[in-house]
Amino acid sequence: MQRKQSPIVDLCVQIASRPIELKERQQSALGSVIPLLICGEQSAITVFNDASQHGSPVARSLHHVFSSIEADEIVHEAAWQTLFAQLPDPQNLRQLKRRAALFFARLGRSPSIAEHFAQIAHLDSAVGTIMWHLERSDVARDKRIADLAREVKQDEARHVAVSRHYAFAAGIERARYADLGEKVRSSLIALLTPNADAIEGIGIDPAALFKRIDKKECR
Ligand SMILES: [Fe+2]
Ligand SMILES: [Fe+2]
């Protein structure tokens, strides 16, 4: 069965077709946050591509689901890249990319598939929280950004469900799953904290965002 085209593909065209309608300082702030999201999407593409090729019976039964998530992540990355191309380059781009790359590399160093996917479930859940805030932020005044945040949030909710299912099918214990959630949430907050000014600049209260990420339990 052919998969329906993601509405994000059309949003990419809309974003590329005309300049972002935001104040200069909001554009700069957004430009300092998006590289972190791009790095996350790139890492997710690799993770789900690997998962779609994994030979275990559980992974084989989820092959199509993993491929469809990989396709989602490719579209997400394209959308953030399209938006980023419309914004001024941040001064600390190399440093931002390096910090994000380290974060995702550490996440990839899980001892087992079950633990790795537990962490992905928790991370995608936190990304959903970030999207929830982005959808209601000042930069969502440009409707294309609000629409993009909403669509990504909906996709991430599906990714959470699949990753969580896979983690438990691959044998993770409930207590370990919860521990990894705490670990992922605190490392994500540590990754985002140096960007608190930029987060504030796009109209999201960083303290409220971090609190919400911290409290969110992905069951
Ligand atoms: Fe994504
Ligand atoms: Fe995802």
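Considering only residues of the stretch 53-76 that are more than 14 Å from ligand 2 (Cβ to nearest atom) and in a helix (DSSP H, G or I), which is surrounded by the fewest Cβ atoms within 10 Å (Cβ to Cβ)?
PRO57
Among (1) surrounded by 20 or more Cβ atoms within 10 Å (Cβ to Cβ); (2) not in a helix (DSSP H, G or I); (3) not aliphatic (A, V, I, L, M), which single condition is ARG109 missing?
It fails just one condition, (1).
Has the stretch 77-90 got any residue that is buried (at least 18 other Cβ atoms within 10 Å of the Cβ), within 12 Å of ligand 2 (Cβ to nearest atom) and of a type outside the set (Ser, Thr, Tyr)?
Yes, the stretch 77-90 contains at least one residue that is buried (at least 18 other Cβ atoms within 10 Å of the Cβ), within 12 Å of ligand 2 (Cβ to nearest atom) and of a type outside the set (Ser, Thr, Tyr).
May I ask you to say which residue of ALA167, ALA161 is more than 16 Å from ligand 1 (Cβ to nearest atom) and of a type in the set (Gly, Ala, Ser)?
Just a single option satisfies the conditions, and that option is ALA167.
Can you pull out every residue in the stretch 190-205 that is in contact with a Leu (Cβ under 9 Å, 6 or more places away or on another chain) and under 27 Å from ARG164 (Cα atoms)?
LEU191, LEU192
Taking into account only those residues within the stretch 170-187 that are among the hydrophobic types (A, V, I, L, M, F, W, C) and over 25 Å from SER52 (Cβ atoms), which is farthest from ligand 1 (Cβ to nearest atom)?
So the residue we want is ALA175.
So in the stretch 34-46, with the set limited to residues that are farther than 14 Å from PHE84 by Cα and buried (at least 22 other Cβ atoms within 10 Å of the Cβ), which one is nearest to ligand 2 (Cβ to nearest atom)?
Among residues in the stretch 34-46 that are farther than 14 Å from PHE84 by Cα and buried (at least 22 other Cβ atoms within 10 Å of the Cβ), the one nearest to ligand 2 (Cβ to nearest atom) is ALA44.
Only the coordinates and a few stated rules stand behind these numbers; no lab work does. Remember, predicted model here, so these are calculated numbers, not experimental data. Methodologically, a virtual Cβ is constructed for each residue, glycine included, from the backbone with ideal geometry; neighbour enumeration extends over all protein chains shown.
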